1. Is at least one residue of region 93-111 over 28 Å from Phe144 (Cβ atoms), of a type outside the set (D, E, K, R), in a strand (DSSP E or B) and open to solvent by 90 Å² or more (accessible area, probe 1.4 Å)?
2. Within region 4-24, can one find any residue that is in a loop (DSSP other than H, G, I, E, B), more than 30 Å from Lys117 (Cα to Cα) and among the acidic types (Asp, Glu)?
3. Check region 56-65 and report whether any residue there is surrounded by 13 or more Cβ atoms within 10 Å (Cβ to Cβ), of a type outside the set (Asp, Glu), outside any helix (DSSP H, G or I) and touching an Asp or Glu at 6+ places or on another chain (Cβ under 8 Å).
4. Restricting the search to region 22-41, which residues are open to solvent by 90 Å² or more (accessible area, probe 1.4 Å) and either small (Gly, Ala, Ser) or in contact with a Leu (Cβ under 8 Å, 6 or more places away or on another chain) (or both)?
5. So which residues in region 1-21 are open to solvent by 80 Å² or more (accessible area, probe 1.4 Å) and polar (S, T, N, Q)?
6. Output the number of the condition that Thr1 fails; it satisfies all remaining conditions of (1) within 25 Å of Phe129 (Cβ to Cβ); (2) part of a loop (DSSP other than H, G, I, E, B); (3) without any contact (Cβ under 8 Å) to a residue 12 or more places away in the chain.
7. Residue under question is Ser80, and the condition is that it be without any contact (Cβ under 8 Å) to a residue 24 or more places away in the chain, open to solvent by less than 90 Å² (accessible area, probe 1.4 Å) and among the polar types (S, T, N, Q); does it hold?
8. Can you tell me which residues in region 42-55 are open to solvent by less than 60 Å² (accessible area, probe 1.4 Å), of a type in the set (D, E, K, R) and either in contact with a strand residue (DSSP E or B) (Cβ under 7 Å, 6 or more places away or on another chain) or over 30 Å from Asp84 (Cβ atoms) (or both)?
Amino acid sequence: TKQLEIKRGYSQGTALRYPQEGNEASGHLSSDLVFTIAEDKHLNYKRVKNDLYYTATISLLAALRAHPIQLETLDGRCLSVSIDEVISPQTKRRVTGEGMPIYREVNSTEAFMQTEKKGDLYVQFNIVFPKYIPHEKRERLEEFLPEN
């Protein structure tokens with residue numbers, strides 16, 4: 001049995017090597033035992049290096065109101081992302097320091113004195129349009145929505 005320590009920030013393909021702890025054969029040196037990190041896909045987040053990408057699905061009304069959106073981070077926190085403009089399908093929000101931890105080998109003294117660095121979170125938007133708007137309500141929309 002081998003106990004593995006998976007450190008914050010390890011990414012796809014990181015190899016954990018344990019010299020001469022692998023297969024043993026009489027008259028031969030033991031081979032190295034190597035574990036390679038494989039990441040599971042996440043339902044809401046996509047990892048690109050140390051950055052995370054999240055697609056928020058919002059209604060057309062929410063996109064026009066430009067209210068902050070709430071999302072649950074990978075570590076279970078509730079994060080509020082402020083929005084100060086009307087959201088379009090091309091809108092992206094960058095939230096600095098809310099991506100994946102950046103792994104760096106440090107000694108215990110350095111670890112005590114150093115804050116953890118993280119990548120960024122990029123929020124993209126999927127806007128859900130209503131399937132149907134009655135004619136009389138469409139005329140009211142034309143009163144305050146520009147044509148351009």
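1. Checked against the condition, which is being over 28 Å from Phe144 (Cβ atoms), of a type outside the set (D, E, K, R), in a strand (DSSP E or B) and open to solvent by 90 Å² or more (accessible area, probe 1.4 Å), region 93-111 yields no hits at all.
2. Narrowing region 4-24 to residues in a loop (DSSP other than H, G, I, E, B): 4-14, 19-24.
So of that shortlist, the ones also more than 30 Å from Lys117 (Cα to Cα) come out as 20-24.
Applying the additional criterion that residues be among the acidic types (Asp, Glu) yields 21, 24.
So far as region 4-24 goes, yes, one or more of its residues are in a loop (DSSP other than H, G, I, E, B), more than 30 Å from Lys117 (Cα to Cα) and among the acidic types (Asp, Glu).
3. no
4. Once the filter is applied, which keeps residues that are open to solvent by 90 Å² or more (accessible area, probe 1.4 Å) and either small (Gly, Ala, Ser) or in contact with a Leu (Cβ under 8 Å, 6 or more places away or on another chain) (or both), region 22-41 yields Ser26, Thr36.
5. Correct list: Thr1, Gln3, Gln12, Gln20.
6. Of everything listed in (1) within 25 Å of Phe129 (Cβ to Cβ); (2) part of a loop (DSSP other than H, G, I, E, B); (3) without any contact (Cβ under 8 Å) to a residue 12 or more places away in the chain, Thr1 misses just condition (1).
7. Numbers: without any contact (Cβ under 8 Å) to a residue 24 or more places away in the chain: yes; open to solvent by less than 90 Å² (accessible area, probe 1.4 Å): yes; among the polar types (S, T, N, Q): yes.
Criteria met by Ser80.
8. Within region 42-55, Asp51 is the sole residue that qualifies.
The values are calculated or read from the model by the stated rules, or taken from the named source; none is laboratory data. The structure presented is a predicted model; accordingly, all values stated were derived computationally and were not measured. Quick reminder, even Gly has a Cβ in these numbers, built from the backbone with ideal geometry, and neighbours come from all protein chains shown. The protein model used for the area step is the full one, side chains on, heavy atoms only, and it has no ligands, DNA or RNA in it. Shrake-Rupley method; radii C 1.70, N 1.55, O 1.52, S 1.80 Å.
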